[in-house]
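Each remark here refers to the structure printed beneath this line.
The values are calculated or read from the model by the stated rules, or taken from the named source; none is laboratory data. Note that the structure is a prediction, hence the values are computed from the model and not measured. Because the Cβ atoms are built from the backbone with ideal geometry, glycine has one as well, and the counts that use them run over all protein chains shown.
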Amino acid sequence: MFAHLRPKRGVVLTGALLFTGLAFGCLTTSVSAAPPKKQPKREPQVVSNAQLHEGLHVLQFTKKMLEGANHDYGGHRVAAVKAVGAAEHQLKLALHSQTKKGAGGKPNGKAGSGRKPEPQNISNLQLADAIVILERTRTVLQKANHDYGGHRAAAVRDLGGAIQQLKTALKYEKKKR
């Protein structure tokens, strides 16, 4: 019934991943390689806050992508979604501790209910893409020079757990074949 939408979904997913990668690359490039003469020097806290905000946006996108992958992977995909959600929560707490205002928003419910499973190879690609995105996000967050009351480090830890769950999920799928 929705077979004509599958190619568009792949194009949208690829475009979103490219946009996310470019935006993330621009943030890290502008932060680390900006010439001091042309741009005013920014406070380290402002740079760290920008890194956390960008990381939060990437995590929200990645979480939605993983929720949309509707194969089970022995429960590892779901565990990775929970770990990404925990990292997202830690980043919200970190930013809240700096701004004194809430980040708001509760993650939505289950994705994929009432639809046919997508092809396994598409789901595998989504998980593999998420690993790359989460590893890059973790690297950027590790470079932030403020502790945020331990929340940044907790988010980095949770991302490590999500990455490990996704890797285990892909290994689980290979063993299943």
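Annotations
- Residue, surrounded by the fewest Cβ atoms within 10 Å (Cβ to Cβ), within the stretch 117-175, restricted to residues that are of a type in the set (S, T, N, Q) and under 15 Å from Arg77 (Cα atoms): Asn121
- When Tyr73 is tested against (1) of a type in the set (Ser, Thr, Tyr); (2) under 19 Å from Thr139 (Cβ atoms); (3) at pLDDT below 90; (4) surrounded by 15 or more Cβ atoms within 10 Å (Cβ to Cβ), exactly one condition is not met: (2).
- Residues within the stretch 93-143 that are modelled with pLDDT of 60 or more, more than 21 Å from Val46 (Cα to Cα) and hydrophobic (A, V, I, L, M, F, W, C), tallied: 9
- Restricting attention to the stretch 57-91 and to residues that are polar (S, T, N, Q) and part of a helix (DSSP H, G or I), the residue that is nearest to Leu166 (Cα to Cα) turns out to be Thr62.
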